[in-house]
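A short worksheet on the structure shown next.
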Amino acid sequence: MANTNIIAIDGPAGAGKGTLTKKLCEHYGFAGLDTGSLYRAITLCMIEMEQNMDDINLEFAIALTQKLSDTHKILEYAKNPKIRSQLTNKYVASVAKIPEIRTIMRKYQIDFGTNPPDLPDGRKAKGAVIEGRDIGTVICPNAPVKFFITASPETRASRRLKEYLDQGESASYQEVLASIIARDEADRTRATSPMKQADDAIVINTSENSKEQTFEVAKKIIDERLHITFD
Ligand code: CDP
């Protein structure tokens, strides 16, 4: 039977979607999909194949996406820490705005939601948490729980800067802030599947929250709407 326990999480860069997804998956025994990592994996692959990222060859990009998706190599690429480098960040929104690439990725994400893979420890997943920009609006419009996670650009830039420094990359706060604002703007204003809060999404602003507080707010809502049993 197709899975209907789906939690859709959307929001801008660095708002805390990934952290919340991880905590929810651990708590409920759900499989998690970070859809940004798919677009990042395609971008990284193109950079490594020395494509001109300032003038993307559409035909090449579409064929590559289809191949990475069909062979499931996309998940391998998505494990490469370089998908989070500043170089990948710079180009990912240009790749993600290509409609044909989104169509291929849409199928991939819907399949994940309706038939989530087993958990790393072999247990069957009880549902799916899917995070991105268009999950509640385009990918899973019927998800019973939708969150839009946000925070001030300054908070998001400080968090991102810390991640870069922890990874050993050098970066300045001003550069990171500018890059986050530019990427949000590109994601919000693109023609196909822009970043948008679904009408029925619950907004959580994480600017003043600890990770635990955000998790507790989300958990309360999920417990009211989904009836997950714990073994
Ligand atoms: O980690 P962060 O919040 O910075 O971004 P991400 O979720 O890894 O997404 C990286 C980029 O992929 C976004 O800026 C979007 O351009 C694109 N993306 C998208 O277009 N649609 C999604 N569902 C997820 C990500």
Would you list Val176, Val217 from the most to the least accessible area, probe 1.4 Å? Val217, Val176
How much accessible surface does Glu224 have with a 1.4 Å probe, in Å² rounded to 10? 120 Å²
For Ile7, residues with placed amide H under 5 Å, excluding near neighbours: Ala128, Val129, Ile130
What pairs in Lys22/Lys211; Lys17/Lys220; Lys107/Lys146; Lys22/Lys220 have C-alpha atoms more than 21 Å from each other? none
Go through the stretch 131-139 residue by residue and turn each phi into a ³J(HN,Hα) via Karplus (6.51, -1.76, 1.60, θ = phi - 60°); whole Hz please, and just put x for glycine and proline. 10, x, 10, 10, 6, x, 9, 10, 7
What is the magnitude of the charge dipole of the stretch 24-103 about its Cα centre, with +1 placed on the Cβ of each Lys and Arg, -1 on the Cβ of each Asp and Glu, and no other charges, expressed in debye to the nearest 20? 200 debye
Nearest-10 value in Å² for the accessible area of Leu58, using the 1.4 Å probe: 90 Å²
Could you tell me which of Tyr173, Ser152, Tyr91 has its Cα farthest along the dipole of the chain towards the positive end, charges placed at Cβ (Lys, Arg +1; Asp, Glu -1), taken about the Cα centre? Ser152
A correct Karplus calculation of ³J(HN,Hα) over the stretch 191-205, with 6.51 cos²θ - 1.76 cosθ + 1.60, θ = phi - 60°, whole Hz and x for Gly and Pro, returns 6, 9, 6, x, 5, 7, 6, 5, 4, 9, 8, 9, 8, 10, 8
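Please list Glu175, Glu212 from largest to smallest accessible area, probe radius 1.4 Å, with all protein chains kept in place.
On the way: Glu175 110, Glu212 90 Å².
Solvent-accessible surface, decreasing: Glu175, Glu212.
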List the residues whose amide H sits under 5 Å from the amide H of Ile202, counting only those 5 or more places along or on another chain, with H placed 1.01 Å from N in the peptide plane. Lys146, Phe147, Phe148
Scaled by the rule-of-thumb 2.2 N^0.38 Å, the alpha carbon Rg for the stretch 170-227 gives a ratio of 1.53
Over the stretch 1-159, what is the mean sequence separation of C-alpha contacts under 8 Å (at least six apart), divided by residue count, expressed as relative contact order in percent? 51 percent
Alpha-carbon centroid distance for the pair the stretch 70-129 / the stretch 178-231, whole angstrom: 18 Å
What ³J(HN,Hα) values, in whole Hz, does the Karplus curve 6.51 cos²θ - 1.76 cosθ + 1.60 give for the stretch 226-231 when θ = phi - 60°, with x put for Gly and Pro? 10, 10, 8, 9, 9, 6
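Using the Cα centre of the stretch 1-147 as the reference point, and only Cβ charges (+1 on K/R, -1 on D/E), how large is the resulting charge dipole? Debye, rounded to the nearest 20.
On the way: 19 positive and 16 negative charges, 97 e Å.
So the magnitude is around 460 debye.
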Among Ile56, Leu119, Ser69, which residue has its Cα positioned farthest towards the positive end of the charge dipole of the chain, with +1 placed on the Cβ of Lys and Arg, -1 on the Cβ of Asp and Glu, and the dipole taken about the Cα centre? Leu119
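The values are calculated or read from the model by the stated rules, or taken from the named source; none is laboratory data. Everything numeric here is computed off the predicted structure, so don't read it as measured data. Cβ coordinates were reconstructed from backbone atoms using ideal geometry, including for glycine residues, and neighbour counts include every protein chain displayed. With ligands, DNA and RNA removed, areas are computed over all heavy atoms of the protein, side chains included. Shrake-Rupley method; radii C 1.70, N 1.55, O 1.52, S 1.80 Å.
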